[in-house]
Amino acid sequence: MGKLNGRTALVTGSSRGIGRAIAVGLAREGVLVAVHYAHNEGAAQETVELVEKDGGQAFTVQAPLGVPGDVDQLFQGLEDGLKEHAGKITLDILVNNAGETLPGGSAPEEVTAEQFDQLFAVNAKAPFFITQRALGLMPDRGRVINISSGTTRVAIPSQAPYAMTKGALEQLSRHFARHLAPREITVNTVAPGITDNGSEIFKIPEVVQQMSQLSAFKRIGEPKEVADVVVFLATDEARWITGAFIDATGGSLLG
Ligand code: NAP
C-alpha cells in the first residue's frame, strides 16, 4: 500500500531530470501520474515505462509551455488521460517543475528581451495559469508544489533573469498558500541546488568537481534527493506545512 493510493498528479516537465524522479517517486506511493513534456516524447515514454516497471501507473501529456494556448493544450491532454486511466477528472497533486534556464548563462548586459520574455513565460506565467486551472479539478486537501532554485538565495549574475522568474514562482507559493488554506490545500516551494539532470555538463569531471564545492556535502545532488522532499510534501504527514520555502540544495545556501 502506497501512502498516496488512489490519488492523481500532474508533474510538468517530467520527461527528464528532477521531474522524472518526482513522477517515479509519486507513482511508487500509488499515485496515477500525468507525465508532461514539451517535445521529447521518447523520454516521456521512458518515464512512463520506469513507473510501470515499478508496478505504478502513468500516462504522457504533451504541451509546450510559454506559447499561446499552452494551458488549454495541457489540460485537454490531462483531462483525457485522467478520464481514461482514473475514470474521473480529479487532480490531487500539482507539481510545477518544468523550467528553462539561459543555456550556458549570459552576462546581464547581453540578455535579450526575447530571452527574458521566454523565461518568464515558461517559469512564472505558465505555473500561475496552470495552478489557476488545476484548482477547478482539485479536491480539498490537495497539494501544489513549485520547484524553484537556490539561485533565489545566492547571486549568480549569469542567471539573473532565471533567478527573477524563480523569485516570482516563490511568490505564487506564498500567496496561493493563504488563498487556498480554507480548502486545506497546501502550496509550497522546493528549491534544488545543482542536481545531475543527465545533461552533458554533468559528464565533465572538472566541471562536476567545481560545482560540487557549492554543497556542504561537497557533491552534486541526485534528482531522487529532490524528489523525496516533494513526495513527502504530497503526503498527509506534511499537512501542516504551507507557504514554506524548502531548501533542497544539500546545504549550498549555508554560506
Ligand atoms: P531538465 O532536465 O532540463 O528537464 C526539463 C523538463 O521540462 C523536461 O521535461 C522538458 O520537456 C520540460 N520543459 C522545458 N521547457 C519546457 C517548455 N517550454 N514547455 C514545456 N516543458 C518544458 O530539468 P531539471 O534540470 O530536472 O530541472 C527541473 C526543475 O528544477 C526546473 O524548474 C529547474 O529550474 C529546477 N532546478 C534545476 C536545477 C538543476 O541543477 N538541475 C537546479 C535548481 C533548480 P522536454 O523533455 O520535452 O524538453
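The values are calculated or read from the model by the stated rules, or taken from the named source; none is laboratory data. Fair warning: this is a prediction, and the values are worked out from it, not measured in the lab. So basically every Cβ, Gly included, is an ideal-geometry build from the backbone, and we count neighbours across all protein chains shown. The accessibility values were calculated without ligands, DNA or RNA, using every heavy atom of the protein model including side chains. Shrake-Rupley method; radii C 1.70, N 1.55, O 1.52, S 1.80 Å.
Below is a table of values for the structure above.
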| item | result |
| --- | --- |
| Candidates S149, S15, S199, ranked by Gaussian network fluctuation over the chain, Cα under 10 Å, top entry | S199 |
| Residue of N146, N197, N123 that the Gaussian network model of the chain assigns the largest fluctuation, springs spanning Cα pairs under 10 Å | N197 |
| Helix runs (DSSP H) in the chain reaching 24 Å along axis by Cα, Kyte-Doolittle at least -1.0 | 160-180 |
| Heavy-atom accessible surface of the chain: percent carbon and sulfur, 1.4 Å | 53 |
| Kirkwood hydrodynamic radius of the chain, from inverse mean 1/r over distinct Cα pairs, in Å | 18.2 |
| Å² per residue, accessible surface of the stretch 8-248 at 1.4 Å | 48 |
| Gaussian network model of the chain, springs between alpha carbon atoms under 10 Å - residue of K203, K83, K218 with greatest fluctuation | K203 |
| Eligible lysines near K224 by straight Cα distance, threshold 20 Å, same-chain separation 8 or greater | K3, K53, K203 |
| Three-way shape label, the stretch 38-105, alpha-carbon gyration tensor, a/c 1.5 | oblate |
| Translational diffusion of the stretch 15-60, µm² s⁻¹ [Kirkwood Rh, Cα pairs; Stokes-Einstein; 20 °C; 1.002 mPa s] | 217 |
| Estimated distance in nm for a label pair at R174 and I89, the labels positioned 7 Å out from Cα along Cα-to-Cβ | 3.4 |
